[in-house]
Amino acid sequence: MPIPNPIDATAARPQPHAGARVELELELPSGGAAPFDLAAAVCSHGLFMMAPNRWDPAARTLERPLRLASDRSASLLARVSAHPARPGTALLVAVHGVDALSSLDKDYILEQVRRMLRLSEEDGAAVAEFQAMHAAAREAGFGRIFRSPTLFEDMVKCILLCNCQWTRTLSMATALCELQLELQCSSSAEDFHSRTPPIREYKRKRDKRQSVRVKLETRFAEDKSEGPTLACGTSNDVTHSETNENLSSLPSCASKTGSQCDSLPSMDTSDLGLNNAPGLEDCIGDFPTPEELANLDEGFLAKRCSLGYRAKRIVMLAQGIIEGKVCPQKLEEMCQISVPVAEEASTIESAYERLNKELSAIFGFGPFTRANVLMCMGFNHTIPADTETIRHLKQVHKRESTISSVHQELDRIYGKYAPFQFLAYWFELWGFYDKQFGKISDMEPSNYRLFTASHLKKAKKKKKKAGLDS
């Protein structure tokens, strides 16, 4: 991978010494009055299991590539851990492969960590307010829901969560990161295209100039083997003509799509700072940016990453951002201005509706996808509901409901926690998973594929059998 061209001399990245482990350590206050629990903040939503995130249960660290402000096409691997001297009040961010960075790059890396772990003053105030009304959450250190370094990554991953099994969601996220690494390691788009067998070419007009876009068919076949879903739930996020896959946030076990690592050409990842990172030597790229996805052919992307109909939505989202039709920064600014913690519920709902309307104008963003994106943006008064929500209410609360009536039941159960209904619901649901699968923060990444409804049923049967045997 070529070394990025910095915008100023201070941003230049020095070459690591051969055989030496080079890294730069940055300190980040965790903020808030209560002690900060890194494991609780990271292992709080399925997003933390999706590439390129990697939680090390033994070391209690989070590792992933993060972008540089001086060159958004460049990434460096960062490791986030509790500060050894101040474990409850500060974090240590170790950036691999460099011993110096510009202040601009340092600030941007820390800002990405703040966003993932929700470390802003507003986030801290919201956590404190929720924990004041929920003693069990306060005792568990629960209140921060993990998200991505950027809103764009959250938006794409919310698309990946819809209408398929959890195992396939994990595989799609991994494949996108592998593709990003291959794109980044290519000297040019033409070089990347030349290594991918083309079937046919066609021309399209874009803006006011004619450009040639190559439609690529690859050796990577889309894996269509899917297991049955948790329940026959449906979503308004997709029409029947686009897919017959069902929706569940905790899907049943699907056939393993497998990693594309073995099929990729050998790549030099030294400039990512990956070579000295334990357990992350293979197939780690960053999550692709809008710039990296906007010019890809959707047919190629669908096959390369097994995205199916989602490829069109992702490419159109990336193109919308590049063309200025969608502005993630504007959306986040609307959220920050409109949602102070102490505001009345009506004001929060009004801000939610304004942003919901903005998101609804984006192709393919149905109710479930929008609800998840808005949760990632900090709105906790609305619960993204699907068939897993229905199962949870029936099993835990003995409440029968349907997709059309589930929100009424949710209001009856969690309305007392307004404006934090989602946090109360998620604390309960995530705690249920913790009991069924074992402590999630102790789970090895290789077992994330077992985090499915079919294995949930197996775990329940084992517990029931153990109870009978005793």
Compute the distance in nm between two label points, each set 7 Å from the Cα along the Cα-to-Cβ direction, one at Ser446 and one at Asp99. 3.6 nm
Quick one: which residues, 5 or more positions from Thr289 or on another chain, have an amide H under 5 Å from its amide H? H modelled 1.01 Å from N in the peptide plane, none for Pro or chain starts. none
Taking placed amide H atoms and a strict 5 Å upper bound, the residues 5 or more places from Ala90 or on another chain that come that close are Ser30, His83
Express in whole angstrom the spacing between the alpha-carbon centres of the range 345-386 and the range 110-140. 20 Å
A correct Karplus calculation of ³J(HN,Hα) over the range 289-295, with 6.51 cos²θ - 1.76 cosθ + 1.60, θ = phi - 60°, whole Hz and x for Gly and Pro, returns 8, x, 4, 6, 9, 4, 9
Would you mind working out the accessible area per residue for the range 80-137, using a 1.4 Å probe, and quoting it in Å²? 39 Å²
Using amide H atoms built in the peptide plane, which far-off residues or other-chain residues are under 5 Å from Thr61 H to H? Asp56
Heavy atoms only, probe 1.4 Å: what % of the accessible area of the range 381-426 goes to carbon and sulfur, would you let me know? 49 percent
Burial-style ranking of 368-378, 158-168, 315-325, average other-beta-carbon count within 10 Å with highest first, yields 158-168, 368-378, 315-325
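The values are calculated or read from the model by the stated rules, or taken from the named source; none is laboratory data. For clarity, every value in this text was computed on a predicted model and none was experimentally measured. For neighbour counting, all protein chains shown are included, and Cβ atoms are generated from backbone atoms with ideal geometry for every residue, glycine included. Each accessible area value is taken on the protein alone, full model and side chains, heavy atoms only, with ligands, DNA and RNA left out. Shrake-Rupley method; radii C 1.70, N 1.55, O 1.52, S 1.80 Å.
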